[in-house]
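Visitor: One structure follows; several queries about it will come next.
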C-alpha cells in the first residue's frame, strides 16, 4: 500500500516521538544507575530526623549527677521519672557517700539526696531538694518486646560531657551477671536481666537512659565490658531492662528498698554434656537443684537436692529438675529467677513442675523474702 504525503508526514512524526521516548527512558535509567543512593539518601534523612527528634524530645529529662567526695568529683547520669522530682540512676554512681548535685540541661544546679537504692539491680533513686516548675519525666516502655537489631540511643555524660547522645543496636537480650550480695562465699545472687548494646558507653554514662526511636526508656545504662578482660573487646555495653525498673522503682521511692522473693536453691551454671551425663540428666532441660538452703521455702516445700556422689566435685546427682514455673517452660536458673522477680512478691505462692527420677510432679510453695 502506498502512503500519501500527509500520511507519510504523520508516520515520521510518530516515529520521532517513539525514538524520543525511548531516549528519555534510557537517560532516566542511566541517571538512576549513576545515582544508586538516591533512595538510601531519603532513608538516611528519615533516620537522621528521627534521631534528632528523640534527642530534642528527651534531653531535658536527662541530668548530670556530680558526687563530691574527699576532694574529688565523680560524674554520672540520671533521668527524671516523675513530676515530684525523683531521679533514677545507678547505685554505683552515688555509692561513695559524698554530697550530690544534679545539673539540668537548662543549667539549673540543685542539691539531691538518696531516698532508695538496690544493690542487686544497681538502681538508686534521688530526690532533688528544689523542684523546678517544668520537669520533663521520661516514660518507660516494656523491654519484653525488644528485638535484636533494634536501633537504640543512649544519652549521658561520658567523662563529664553533658547530654551526649550515642547510637547503636540491641546486641543481645536476657544477659545476666552476678551481684556482690552473696548467699555464701561460693554462691552469689543472680543479677537483673540486662540488655546488651553496642552503643558507645563510657565513664559517666552510667545511670542514663537507653531509648528506643520513640524516645521511650527501655533500659538504664549500667555497665561497659572493661578492656581489662580483653584489650580487643569493644562495643559491649549493658543496660538494666526497663521491665526490671518497672518492678523495683515504686518500692525504692516508697520504702527506700526492694524486697526480693526468695526460693532458696542453688543450681549449676552452664553445664557440659559430660556434666549432664554425670548427673543422670540425659539431655533433659531444666534447672537442676544442686543444693537446698536450710530453712528456705524450697526445703519447707520438699524440694530435694542430689544425694549420690558424682564425678562433678561438690555436686551430687539425683536432685530434682525444675522444668516449669507456673505454665512457663524454663531452661536455666536465670530464667527461673527472672520470672520470680518480675512476677511474684514475697508471701505469694508459686507452682513448680519438677522431674524427680522418672516421676513428674507439681509442687506449690510460698515464697519467702530474700535474706
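The values are calculated or read from the model by the stated rules, or taken from the named source; none is laboratory data. Given the structure is predicted, the values throughout are model-derived calculations rather than measurements. Cβ sites come from the backbone with ideal geometry, for glycine too, and all protein chains shown count toward neighbours.
Visitor: From the list 74, 81, 63, which one is closer than 24 Å to residue 123 by Cα, at pLDDT below 90 and crowded, with 16+ Cβ neighbours inside 10 Å?
Guide: Residue meeting the stated conditions: 74.
Visitor: Would a scan of region 93-104 turn up a residue that is surrounded by 22 or more Cβ atoms within 10 Å (Cβ to Cβ), within 28 Å of residue 259 (Cβ to Cβ), in contact (Cβ under 8 Å) with a residue 40 or more places away in the chain and under 25 Å from the mean Cα position of the chain (by Cα)?
Guide: yes
Visitor: Okay, moving on. Under 6 Å between Cβ atoms, at least 6 apart or on separate chains: pull out the pairs that start in region 253-279 with a residue that is in contact (Cβ under 8 Å) with a residue 60 or more places away in the chain and end on any residue that is loosely packed, with under 14 Cβ neighbours inside 10 Å and outside any loop (DSSP other than H, G, I, E, B).
Guide: 259/369; 262/369
Visitor: Let me ask something else. When region 247-283 is examined, which residues are found to be closer than 20 Å to residue 367 by Cβ and at pLDDT below 90?
Guide: 266, 267
Visitor: Looking at region 284-303, which of the residues that are surrounded by fewer than 15 Cβ atoms within 10 Å (Cβ to Cβ) and at pLDDT below 90 is farthest from the chain's Cα centre (by Cα)?
Guide: Among them, the one singled out is 284.
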